[in-house]
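Peer 1: A single structure is presented below for examination.
The values are calculated or read from the model by the stated rules, or taken from the named source; none is laboratory data. Predicted, not measured: the structure shown is a model, and the values here were computed from it. Ideal geometry is used to build each Cβ from the backbone, glycine not excepted, and the neighbour counts take in all protein chains shown. Each accessible area value is taken on the protein alone, full model and side chains, heavy atoms only, with ligands, DNA and RNA left out. Shrake-Rupley method; radii C 1.70, N 1.55, O 1.52, S 1.80 Å.
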Amino acid sequence: MKARRTPWWQFALAAALGLLAGIGLASYGESSGLSLIGAPWVVAGLLAVLGLLVLIMALQVHKYANTDPKKRPHSFVNPTVAVYTLVLAKALGLAGAALSGWYVGQILMSIGHFEAPFYHDAVIECAVSAVICIADMVIGIIGEWLCQLPPNDGPESAKLKQAKNRQDVAQAFKQ
């Protein structure tokens, strides 16, 4: 299996779909009298914690993957955890894009009623959540990059040939 980086247009599409859904939800709330806009502060906090956890895991995978196999510490990072971290980073990036669009759509539809206390609070909640979701999207993109494997130097690489030559010279001096 070969994992590929998430293309930029998927983030843009997720944000656009989230924007349309947020606008639709706010419009429905205005027309029906059932207000569903806003975001509880707990959601913003959980999204921030989730972004930090994914970033920490991606940094650990990056450190593990770029360390010489002989010098690697025995940690919880193994191929399964690395793949799960990559999947989490991809999901966080796409979810962050979609949710930021969702919250921005709600803001756009509610900004005209900003003077009303309910809409004022809802716009502020959505703005904070949108900023956190954009940060999560960026963390997801960076996390994908951090989970990349370093280039695989085959037996024909110049780096390995130089190392072998140095080893042969060292062997010759020992004898």
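Peer 1: So, in the range 44-66, of the ones that are of a type in the set (Gly, Ala, Ser) and touching a residue at least 24 places away in the same chain (Cβ under 8 Å), which residue ends up surrounded by the fewest Cβ atoms within 10 Å (Cβ to Cβ)? Spell out the reasoning first.
Peer 2: In the first step, residues of the range 44-66 are kept if they are of a type in the set (Gly, Ala, Ser); the result is 44-45, 48, 51, 58, 65.
Subset that is touching a residue at least 24 places away in the same chain (Cβ under 8 Å): 44, 48, 51, 58, 65.
Details: Ala44: 20, Ala48: 18, Gly51: 21, Ala58: 24, Ala65: 16.
Among them, the one singled out is Ala65.
Peer 1: Restricting to the range 1-57, count the residues that are modelled with pLDDT of 90 or more and acidic (Asp, Glu).
Peer 2: 0
Peer 1: Could you list all residues from the range 1-43 that are within 28 Å of Tyr84 (Cβ to Cβ), in a loop (DSSP other than H, G, I, E, B) and either open to solvent by less than 60 Å² (accessible area, probe 1.4 Å) or in contact with a Phe, Trp or Tyr (Cβ under 9 Å, 6 or more places away or on another chain) (or both)?
Peer 2: Ala3, Arg5, Thr6, Pro7, Ala39
Peer 1: For residues that are of a type in the set (A, V, I, L, M) and surrounded by 22 or more Cβ atoms within 10 Å (Cβ to Cβ), tally how many sit in the range 110-122.
Peer 2: So in the range 110-122, the residues of a type in the set (A, V, I, L, M) come out as 111, 116, 122.
Still in the running and surrounded by 22 or more Cβ atoms within 10 Å (Cβ to Cβ): 122.
So the answer is 1.
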